[in-house]
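A.B. asks: I have a structure I would like to understand better, so I am pasting it below and will then ask my questions one at a time.
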Amino acid sequence: MARAIWTGSISFGLVSIPVGVYSATEDHTVHFHQFERGTADRVRNLRVNERTGDEVEYDDIVKGADVGDGKYVVVEPDELEAIAPGRSRNLEISEFVDLDEIDPIYYQRTYWLAPTGEEYHRPYALLLQALSDSDRAAIGTFVMRGKEYLAAIRPDRDVLALETLYFADEIRDPHEMLDLPSPREVRKDDKELAMAMRLIDAMSGPWKPEQYRDSYRERVEKLIEDKREGREIVSEAEPPDPTDMTDLLAALQRSVEAARGKGGSGAEQAGAEKRTGSRKAGKEKKSGEKAGKERTEEKDLGSATKSELLERARELDVSGRSSMSKEQLADAVREAS
């Protein structure tokens, strides 16, 4: 059973529902320790007096707020503690709002809410059903780990989700910080707009989060494993060059053709088309198509980098791929395709 990181009650009107708050996500980042190069010695971070270079004990550290002109206001820990929000065990709902009215930019982090006892299942279920039927979210504030949070409670299938929210003054105005194009730069009858819409249609599909993965983390884990086993390290291919704006329409046209190359739609097909060219497998294809496919495949393999060949070998589950040369990878991919 997961451990709650906060327990308390959701209150609205005269109703109070004891709940626990649980993390809805987990971090899979690969974490490293620091070592001095050429040694097995760990590197530690110390609190050091900037002027004397001496290490400072934690109890002797106070905080200073920069007020400009090199001046600081020093604040003692007990002074901060005196004005900190109390240890709250209550999330009081102040209002209910339409879910569509909450801009996603306000969402900070997601948690699951669960009743703390079987006797609280019914009021929990009633709130969940009411929010689902009304398509609304409950808004309130609560204190967790010494900090006050603005929160939205929303239905997520058969569970209540708690979203911590940014306060309004924490959201930056993009028009004040970015050089943005004018909407007038694109007309409704623009050919490039029509082609962009066709590309979006060709690459559209249902949201399937499980088909996406953290490929960088996988490469880091493979790097660690390869170095542990003493295997060759393969560099990642360079990213594609930016699109030449003078040839934007042609680039969009090629993208649409690539996305529709297999007679289907979806970003996954478009991505596969970029990786493997225009392979058209199937025994029902004519011999001329098969020969054309083989020529295209041969051309793709000849121009592919070793990193790309290694990726394709991984997709085809070619054994011993990590120790192969570029030519061996090309031959193995050709045989396995």
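A.B. asks: Taking LYS222 as meeting all but one of (1) at pLDDT below 70; (2) surrounded by 14 or more Cβ atoms within 10 Å (Cβ to Cβ), write down the number of the exception.
C.D. replies: Condition not satisfied by LYS222: (1).
A.B. asks: Which residues, taken from the range 56-89, are modelled with pLDDT under 90 and either open to solvent by less than 60 Å² (accessible area, probe 1.4 Å) or within 30 Å of ILE139 (Cα to Cα) (or both)?
C.D. replies: LEU80, GLU81, ALA82, ILE83, ALA84, PRO85, GLY86, ARG87, SER88, ARG89 - these are the residues of the range 56-89 that are modelled with pLDDT under 90 and either open to solvent by less than 60 Å² (accessible area, probe 1.4 Å) or within 30 Å of ILE139 (Cα to Cα) (or both).
A.B. asks: Against the condition β-branched (Val, Ile, Thr) and either under 21 Å from the mean Cα position of the chain (by Cα) or under 30 Å from ARG109 (Cα atoms) (or both), how does ILE171 come out, does it pass? Talk me through it step by step, then tell me what you get.
C.D. replies: On the way: β-branched (Val, Ile, Thr): yes; either under 21 Å from the mean Cα position of the chain (by Cα) or under 30 Å from ARG109 (Cα atoms) (or both): yes.
Against the criterion (β-branched (Val, Ile, Thr) and either under 21 Å from the mean Cα position of the chain (by Cα) or under 30 Å from ARG109 (Cα atoms) (or both)), ILE171 qualifies.
A.B. asks: Pick from the range 190-218 the residues that are in a loop (DSSP other than H, G, I, E, B) and among the hydroxyl-bearing types (Ser, Thr, Tyr): which of them is most open to solvent (accessible area, probe 1.4 Å)? Lay out the reasoning, then the answer.
C.D. replies: So in the range 190-218, the residues in a loop (DSSP other than H, G, I, E, B) come out as 190, 203-208, 212-214.
From what's left, among the hydroxyl-bearing types (Ser, Thr, Tyr): 204, 212.
Working: SER204: 55, TYR212: 127 Å².
Looking at residues that are in a loop (DSSP other than H, G, I, E, B) and among the hydroxyl-bearing types (Ser, Thr, Tyr), I get TYR212.
A.B. asks: Among the residues of the range 52-103, write down those that are in contact with a Gly (Cβ under 8 Å, 6 or more places away or on another chain) and small (Gly, Ala, Ser).
C.D. replies: Hits for the range 52-103 are ALA84, SER88, SER94.
A.B. asks: Let me ask you something else. Condition (residue is among the hydrophobic types (A, V, I, L, M, F, W, C) and closer than 28 Å to SER215 by Cβ) applied to the range 40-56: is it met by at least one residue? Show your work before the answer.
C.D. replies: Looking only at the range 40-56, we keep the residues that are among the hydrophobic types (A, V, I, L, M, F, W, C), and these are 40, 43, 46, 48, 56.
Retained after the next criterion (residues that are closer than 28 Å to SER215 by Cβ): none.
No, the range 40-56 contains no residue that is among the hydrophobic types (A, V, I, L, M, F, W, C) and closer than 28 Å to SER215 by Cβ.
A.B. asks: Among the residues of the range 79-95, is there at least one that is more than 29 Å from the chain's Cα centre (by Cα), part of a loop (DSSP other than H, G, I, E, B), under 29 Å from VAL15 (Cβ atoms) and charged (D, E, K, R)?
C.D. replies: yes
A.B. asks: If the requirement is being of a type in the set (Gly, Ala, Ser) and in contact with a helix residue (DSSP H, G or I) (Cβ under 6 Å, 6 or more places away or on another chain), which of these qualifies: ALA151, ALA168, ALA202?
C.D. replies: On the way: ALA151 fails: in contact with a helix residue (DSSP H, G or I) (Cβ under 6 Å, 6 or more places away or on another chain); ALA168 fails: in contact with a helix residue (DSSP H, G or I) (Cβ under 6 Å, 6 or more places away or on another chain).
It is ALA202.
A.B. asks: A further question on this structure: Where residues in the range 109-119 are surrounded by 14 or more Cβ atoms within 10 Å (Cβ to Cβ) and of a type outside the set (Val, Ile, Thr), which of them is nearest to THR164 (Cα to Cα)?
C.D. replies: Here is the first cut: in the range 109-119, the residues surrounded by 14 or more Cβ atoms within 10 Å (Cβ to Cβ) are 110-116.
Filter again for of a type outside the set (Val, Ile, Thr), leaving 111-115.
Values: TYR111: 8, TRP112: 11, LEU113: 12, ALA114: 16, PRO115: 19 Å.
If we take residues in the range 109-119 being surrounded by 14 or more Cβ atoms within 10 Å (Cβ to Cβ) and of a type outside the set (Val, Ile, Thr), then TYR111 is nearest to THR164 (Cα to Cα).
A.B. asks: Do you know which of the residues in the range 17-55 that are open to solvent by 50 Å² or more (accessible area, probe 1.4 Å) and touching a residue at least 40 places away in the same chain (Cβ under 8 Å) is nearest to ASN90 (Cα to Cα)?
C.D. replies: SER23
A.B. asks: Which of the following residues is open to solvent by 90 Å² or more (accessible area, probe 1.4 Å), of a type outside the set (Gly, Ala, Ser) and within 23 Å of the chain's Cα centre (by Cα): ARG184, ARG157?
C.D. replies: ARG157
The values are calculated or read from the model by the stated rules, or taken from the named source; none is laboratory data. Just so we're clear, the structure is a prediction, and the values are computed from it rather than from any experiment. With ideal geometry, Cβ positions are generated from the backbone for all residues, glycine too; neighbour counts draw on all protein chains shown. Just the protein is used for accessible areas: all its heavy atoms, side chains included, with ligands, DNA and RNA removed. Shrake-Rupley method; radii C 1.70, N 1.55, O 1.52, S 1.80 Å.
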